[in-house]
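One structure below.
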């Protein structure tokens, strides 16, 4: 049986704009208004979930999803780098940043490696095969990238090759071991709401 997982990236906030690691700040009001304008454009789902971050929960709320937080969809744990910008960390420890960006198993921050994130998200994704239907999940960009890498059977290093824009939609359909990708589209583009 087929399952469809529709990932929605959250509305942007100041921490995402500043490229701060693991920031759990709220989304901007203008970005939340865009999410509100897109309410009702997503297909109905048998389950709606959200990453536990404030940004994702608020985005789900503005989209009218009534989603429940799922810890398996939590953002990449960046340990000691949480709250710092990439520039700040790179200035203090460029070798650690280089290792993190080139070795998916590295976790110089003491948190979770990209490989570990992929295993967590991949396990969740494969577990959905037992419950066919449509799932909508408002999830952090790192979670969406990890799901795509796992779903397509790509090497973990491919994680860094995907950009996930705020309020974009990425869909995986299939079942454990066989997933297809529908590349992302924006919920709101040029001021107008787009549906699937």
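Quickly run through the stretch 123-145 and pick out the residues that are surrounded by 20 or more Cβ atoms within 10 Å (Cβ to Cβ) and without any contact (Cβ under 8 Å) to a residue 40 or more places away in the chain.
Selection gives 145 alone.
Among the residues of the stretch 150-168, count how many are at pLDDT 95 or above and within 12 Å of the chain's Cα centre (by Cα).
1
In a loop (DSSP other than H, G, I, E, B) and either under 24 Å from residue 56 (Cα atoms) or at pLDDT 95 or above (or both): which single residue out of 111, 127 fits that description?
Within the list 111, 127, the selection yields 111.
Evaluate the following for residue 69: is it more than 16 Å from residue 10 (Cα to Cα) and surrounded by fewer than 19 Cβ atoms within 10 Å (Cβ to Cβ)?
no
Go through (1) touching a helix residue (DSSP H, G or I) at 6+ places or on another chain (Cβ under 9 Å); (2) within 30 Å of residue 48 (Cβ to Cβ); (3) touching a residue at least 40 places away in the same chain (Cβ under 8 Å) and name the single condition residue 113 misses.
(3)
Filter the stretch 169-178 down to the residues that are in contact with a strand residue (DSSP E or B) (Cβ under 7 Å, 6 or more places away or on another chain) and farther than 13 Å from residue 142 by Cα and list them by number.
169, 171, 172, 173, 174, 175
The values are calculated or read from the model by the stated rules, or taken from the named source; none is laboratory data. These figures come from a predicted structure and were not determined experimentally. Using ideal geometry, Cβ is built from the backbone for each residue, glycine included, and neighbour counts are taken over all protein chains shown.
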